[in-house]
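What follows draws every value from the coordinates through simple rules; no lab data is involved. Because the structure is predicted, anything quoted here is derived from the model rather than measured. Glycine also receives a Cβ, built like all others from the backbone with ideal geometry; neighbour counts cover every protein chain displayed.
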């Protein structure tokens, strides 16, 4: 039987849901078969929807956890003396929803004033399900001795620290601000420096208790304000506020609260990215000053007007250009004093529909779980056959970190690119070089509220351009290149970045957020050229389906490849899939399966399949196959029962660009899934193109892909 881990909280407010999500994500990243189970729902005051933890897991993963028992039902059973029947029902739900080879994360109940019996119920459930117990605790201001005492008292309910039942604990919210600090600040956040947090983690890690018996520290999760930054829509919903200007209400996040009771002169320092400006509705000076700050490039979070006073139409007209930038304007009927009390009591738990924040919480928590413990668990579990999206993303970032490569970003003053570079630096995914004016890049970074650390370098093209002229002339002298023309071409930052790559000053290049594909790949094709063992440059997309990752090629470069080129694209794509942990089973896609169809297009695919098999007999390749026969086992049984690929393809090779590009966009948009790419194949050095609609996350993963390619190229 696979391990069963029950998370038991010690106290309230320990972030039990966050730890549950993170532990499930850590298992997914290890590509093991994992599931989640919440025996009894425990809704917070005001909750009317599904149980929070179960709903978040269901929405943000491919898992289908069982629906928990209602708290009222469980309390009635306990009150009637039917606890044994309750346990039997819990076991029944567990056994009917969990497979024997699955590792299961079980979330216990939180002891509260309304549910003081939670500790006893947790013990009975752990015993009934045969689960090992992991305590979740927030250190707060406790001394080492106090932490030891709390853990030993909790463990005594399960046979003590030395029993095999209790295997360890997870410390969450390490170095979080206290409520008193929050009240003193009057805002949502408190920035602790990394040295403070690391010192607290070191203190916890050194507690002698963790060296007793088999009891271990299984995770030490630092507090991070970005994980509790709410959206403006969450605050508006909580306050039942009137929306005077919607703006970017759905996505903009709040990082501080500032009550604007002073003169504008004394409030200017508080107009900063992510700040909620709270002011009476008749303070036109504050409203106008806030909008001027927005027009000057500062991404203020939102403006909240109190007292039910709506600004004069003339003020709204004056500020309409600021409103067009996306700043939300809200109004509440409560006065400023009552509003401040409501804001203090605002619940910062992650909503079930906040996908972006859920992903951040999962990944942040997963990174802090003890890897040795995870490995010991996964050795007891059955590996899943498919590469899941979380496992794939984790693999990308981990390999990129280990590669430690430097990637040049020619579009260095583009806001998404700057934010992606900052996040890559923060997560140590890769070192990046931003090409652009330093003052402008720093200003844009400040406006977005991001920090550029030592992993991000800024190079002013004007200061270095001339030193590449002679090199460019040498590279293109066979085309009649002159120094005058070279200097002119180097005005293009993509050309400049390509020269840096050609001269080994950087390890890869990523562009395309504002440039076309042609503008991105033309300079590399001229200067970097194809690798010696490649006849052409092609591309693939990694399609992150809910339960696995597929490879699509070629969807971006070659309009109408002939049979030999199509065979080379298939081989390149298979090698890329294998390099990124996806077992390649290559389907050559056509409108016909096997020998059922005729025509020039299907003949081309048939010939390409034969050529690919001749060139690489070690690869599993079959075609022509229709898409449904390639991906669906039921269709494969009737259309291609003897195919080694049909029904289980992982690499899909399309016959031309029209088919490939249309298919990848149709699948991506219709299924609302993430695609990473295009990743270029066959270049002498790694160069990758972005979609002009790329999100920050897309750019981050493309940088990671490029860093991994650079490492493979070196090997």
Shape category assigned to the stretch 34-90 from the gyration tensor of Cα positions, a/c cut at 1.5: oblate
Rough spin-label spacing in nm, given labels placed 7 Å along Cα→Cβ, for residue 438 and residue 598: 7.1
Virtual paramagnetic centre 7 Å along Cα→Cβ of residue 504, amide N under 17 Å, in the stretch 532-546: 532
Nitroxide proxy distance, nm - points 7 Å out along Cα→Cβ at residue 115 and residue 310: 4.3
Antiparallel %, DSSP beta bridges [both residues in the chain], to 5: 25
For the stretch 298-348 and the stretch 97-140, distance of Cα centres in Å: 42
Modelled FRET efficiency - R0 41 Å, residue 519 with residue 237, Cβ distances, 0.05 increments: 0.40
Stretch gain in nm, segment residue 325-residue 12, where the contour uses 0.36 nm per residue and the Cα spacing is subtracted: 108.6 nm
Mean separation of Cα contacts under 8 Å (6+ apart) over length of the stretch 232-344, as relative contact order %: 33
Estimated FRET transfer efficiency when R0 is 25 angstrom, pair residue 633-residue 359 (beta carbons, to 0.05): 0.25
Cα gyration tensor, the stretch 430-568 - rounded (a/c under 1.5), prolate or oblate: oblate
Residues 555, 424, sorted so that the one with the fewest Cβ neighbours within 10 Å comes first: 555, 424
Relative contact order [Cα under 8 Å, 6+ residues apart], the stretch 538-682, whole percent: 37
Percent of beta bridges antiparallel (DSSP, the stretch 232-344, rounded to nearest 5): 20
Two-site FRET efficiency, residue 460 against residue 673, from Cβ-Cβ distance with R₀ of 41 Å, rounded to 0.05: 0.55
Theoretical gain in end-to-end length, residue 482 to residue 62 [0.36 nm per residue, Cα-Cα removed]: 145.4 nm
The stretch 643-715 - percent relative contact order, Cα under 8 Å, separation 6 or more: 21
The stretch 232-344 shape via C-alpha gyration tensor axes, a/c threshold 1.5: rounded
Ranked 431, 393, criterion: other C-beta atoms within 10 Å, fewest first: 431, 393
Fewest-first sequence of 405, 246 by Cβ atoms within 10 Å of each Cβ: 246, 405
Separation of the residue 261 and residue 370 label points, Cα + 7 Å toward Cβ, nm: 4.9
